[in-house]
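Taken together, the values in this text are just the output of simple stated rules run on the coordinates, not laboratory data. A quick note: this is a predicted structure, and the numbers were derived from the prediction, not measured. Reconstructed Cβ throughout: ideal geometry from the backbone, glycine too, with neighbour counts over all protein chains shown.
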Amino acid sequence: MFLSAPAIPILSRCSWMGKGSGFGKVILFGEHFVVHGVAGIVSAIDSTTDAEVKKTGEEILIVDERKGAKGYVGEKKAQQLESIDRMLKAMGIEPKIASFNIWVGGNLPGFSGLGASAASSVAIARAIAEEFGLKLSDERVNEVAYEAEKAYAGTPSGIDNTAATYGGLMWFKRNMSGGSNAIERISIRKPVEIVIASTGIVANTKAMVEGVAERKKKNPEKYNGIFKQAEDVALKAKKALKEFDLKKVGTLMNENHRLLQEIGVSCKELDYLVDLARRRGAFGAKLTGGGGGGCMFALTPTKALQETVAEAIEKAGYEVLRTKIGVEKL
């Protein structure tokens, strides 16, 4: 049995035992397209969800202290409970007899589009494993988190949980036959400053993914053409990142956003924020995640440009996160 709790500390933090963390992420290239086997590029960001777990001998109690978009924790509660049930089964722990407290926090805000669900799934899986004395490799943690992600995304691509588990910058291509996904690390000269802005709208990733699949089925010729363009953009972006040509990366981000608009996953709030960031000097800007709300991110190399763009968005009344892509260590 699962119970939720108010977002206040109910136990001394030193009383918690198993601990774990998972990276937040931005998808630089490939939202929605990766679900259908098109290659994409994802990066961990310099923000994490942290989790701590302690056995209690009672029912499962969740204390979620993450900050973020209004209503995020409440709206995701049912999915969170299902995700924990799924990960327990994947780890060989019978949910009906499991009894422990879970604390969730960290500096990754609960904004839709930042992989918050995947980051929490990875963090909780690691914390449960430590508390129950299970020796899980990163590969196994990633598999468990993928099962948990099904509660949030229906049929997830696997890109979010992979970034949350391993960190860094990665080329990702989903294996549509059910085998191992193709993952290639991309090395860049140094982490790069970005600005993430939240629309304040809690997006339903599962509904957005299903909507794209339905529209693609109804109009395959149009969508196949768009998907081919998305893969071409990702290939060019991979080369630009390796060469550290950030101006080119930004231009390709803008093109990727246009393609996402064409498949119907942007919204007026996202488009407004994207335009605002570009006008304030961002090298490029696009939505990140499932769309329909959630977040956009802007490529803003240097602290000065990051601050200029962040301040402009904050003055417009939106919440921002100043962070970096290409981060590899928790």
Compare the peptides 181-191, 268-278 by average per-residue count of other Cβ atoms within 10 angstrom and give them in order, highest first.
268-278, 181-191
Given the peptides 299-305, 129-135, arrange them by the average over their residues of other C-beta atoms within 10 Å, most packed first.
299-305, 129-135
Please find the FRET efficiency linking residue 94 to residue 219, where r is the Cβ-Cβ separation and R0 is fixed at 51 Å, and quote it to the nearest 0.05.
0.65
For region 2-185, percent of DSSP beta bridges that are antiparallel (nearest 5) comes out at 75 percent
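What ranking do 17-26, 251-260 get when scored by the average of other Cβ atoms within 10 Å per residue, highest first?
Top of the packing list down: 17-26, 251-260.
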Evaluate the charge dipole of region 192-325 about its Cα centre and quote only its size in Debye, nearest 20, assuming +1 on the Cβ of each Lys and Arg and -1 on the Cβ of each Asp and Glu.
340 debye
Virtual spin-label span in nm between residue 228 and residue 55, 7 Å along Cα→Cβ:
5.8 nm
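Once you have the Cα-Cα distance between residue 155 and residue 82, take 0.36 nm times their residue separation minus that, and quote the gain in nm to one decimal.
Here the answer is 24.8 nm.
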